Amino acid sequence: MQHREEDERWMREAIAEARKAEAIGEVPIGAVVVRGGEIIGRGFNRRETGLDPTAHAEMLAIREASEALGAWRLLECTLYVTLEPCPMCAGAIVQGRVPRVVYGTPDPKAGCAGTLMNLLQEPRFNHEAALVSGVLQEECASLLTDFFRRLRQMKKSSPS
């Protein structure tokens, strides 16, 4: 599926969320849920600081959007995320009935929106999401590569 003009606008919002994660030493991944031209959920990775393996950007944005709507079904919503969803997040997207997902860069280690497998369009599930990939891909990818490069440099320079 081809991306729409507004997809870049909302992906920039997800990138802004990712920068919040980066600022606190988290892996820079961000997400927003949009409905009717308005952000109803935001999230950035907090797995390390929250000591919570479920505190991925998508999960937090989905929770906030569900609270805003007062419903678990995120109908008429689009989830924007800087990195391709992992298995857990893909499951939450399917369970939340999110109809459309837009992601920035693929995840070769855990991507479940087409890279390793495609849980978002698995016909055996009761819901399939439309997918758009590669929106602001270079910017989303560089957030991650720059973060991990700095992390490796810090490890090299720290005394053992």
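Read through the list (1) more than 12 Å from the chain's Cα centre (by Cα); (2) part of a helix (DSSP H, G or I), then give the number of the only condition that Leu131 fails.
(2)
Please find, among Pro108, Pro87, Pro123, the residue that is surrounded by fewer than 22 Cβ atoms within 10 Å (Cβ to Cβ), more than 19 Å from Arg19 (Cβ to Cβ) and in contact (Cβ under 8 Å) with a residue 12 or more places away in the chain. Don't jump to the end; show me each part of the working.
Values: Pro108 fails: in contact (Cβ under 8 Å) with a residue 12 or more places away in the chain; Pro123 fails: in contact (Cβ under 8 Å) with a residue 12 or more places away in the chain.
Sole residue among the options that is surrounded by fewer than 22 Cβ atoms within 10 Å (Cβ to Cβ), more than 19 Å from Arg19 (Cβ to Cβ) and in contact (Cβ under 8 Å) with a residue 12 or more places away in the chain: Pro87.
Test of understanding: among Leu116, Leu151, which residue is closer than 18 Å to Glu22 by Cα, surrounded by fewer than 17 Cβ atoms within 10 Å (Cβ to Cβ) and without any contact (Cβ under 8 Å) to a residue 24 or more places away in the chain? Talk me through it step by step, then tell me what you get.
On the way: Leu116 fails: closer than 18 Å to Glu22 by Cα.
Only one candidate passes the filter, namely Leu151.
Take Ala130 and decide whether it is free of Cβ contacts under 8 Å to residues at least 40 places away in the same chain and surrounded by 12 or more Cβ atoms within 10 Å (Cβ to Cβ). Break it down stepwise before answering.
Working: free of Cβ contacts under 8 Å to residues at least 40 places away in the same chain: no; surrounded by 12 or more Cβ atoms within 10 Å (Cβ to Cβ): yes.
No, not satisfied.
Could you tell me whether the range 70-77 includes any residue that is in contact with an Asp or Glu (Cβ under 9 Å, 6 or more places away or on another chain) and charged (D, E, K, R)? Show your work before the answer.
Taking the range 70-77 first, the residues in contact with an Asp or Glu (Cβ under 9 Å, 6 or more places away or on another chain) are none.
No, the range 70-77 has no match at all.
Just to be sure before I move on: is Arg9 farther than 23 Å from Arg150 by Cβ, basic (Lys, Arg) and under 12 Å from the mean Cα position of the chain (by Cα) in the structure I sent?
Details: farther than 23 Å from Arg150 by Cβ: yes; basic (Lys, Arg): yes; under 12 Å from the mean Cα position of the chain (by Cα): no.
It is false that Arg9 is farther than 23 Å from Arg150 by Cβ, basic (Lys, Arg) and under 12 Å from the mean Cα position of the chain (by Cα).
Quick one: which of Leu151, Leu143 is at pLDDT below 95, among the aliphatic types (A, V, I, L, M) and assigned to a helix (DSSP H, G or I)? Show your work before the answer.
Working: Leu143 fails: at pLDDT below 95.
Exactly one residue qualifies, and that residue is Leu151.
Starting from the range 51-69, take each residue that is among the basic types (Lys, Arg) and list its partners that are crowded, with 18+ Cβ neighbours inside 10 Å, counting only C-beta distances under 7 angstrom and pairs at least six apart or across chains.
none
Among the numbered criteria (1) in contact with a strand residue (DSSP E or B) (Cβ under 7 Å, 6 or more places away or on another chain); (2) in a loop (DSSP other than H, G, I, E, B); (3) over 21 Å from Arg149 (Cβ atoms); (4) at pLDDT 95 or above, which one does Met1 miss?
(4)
Looking only at residues that are over 21 Å from Arg46 (Cα atoms) and not small (Gly, Ala, Ser) in the range 60-84, which one is surrounded by the most Cβ atoms within 10 Å (Cβ to Cβ)?
Our first condition is that a residue be over 21 Å from Arg46 (Cα atoms); within the range 60-84, this holds for 69-78.
Then drop every residue that is not not small (Gly, Ala, Ser), which leaves 69, 72-78.
Numbers: Leu69: 17, Trp72: 12, Arg73: 14, Leu74: 26, Leu75: 11, Glu76: 13, Cys77: 23, Thr78: 21.
Filtering the range 60-84 for residues that are over 21 Å from Arg46 (Cα atoms) and not small (Gly, Ala, Ser), the one surrounded by the most Cβ atoms within 10 Å (Cβ to Cβ) comes out as Leu74.
Scan the range 21-31 residue by residue and report those that are surrounded by fewer than 16 Cβ atoms within 10 Å (Cβ to Cβ) and either among the basic types (Lys, Arg) or not in a loop (DSSP other than H, G, I, E, B) (or both). I'd like the intermediate steps shown before the answer.
Within the range 21-31, the subset surrounded by fewer than 16 Cβ atoms within 10 Å (Cβ to Cβ) is 23-25.
Ala23 - this is the single residue of the range 21-31 that is surrounded by fewer than 16 Cβ atoms within 10 Å (Cβ to Cβ) and either among the basic types (Lys, Arg) or not in a loop (DSSP other than H, G, I, E, B) (or both).
The values are calculated or read from the model by the stated rules, or taken from the named source; none is laboratory data. As the structure is a computational prediction, the values presented were derived from the model and not from experiment. All Cβ positions, even for glycine, are placed from backbone atoms using ideal geometry, and neighbour counts span all protein chains on display.
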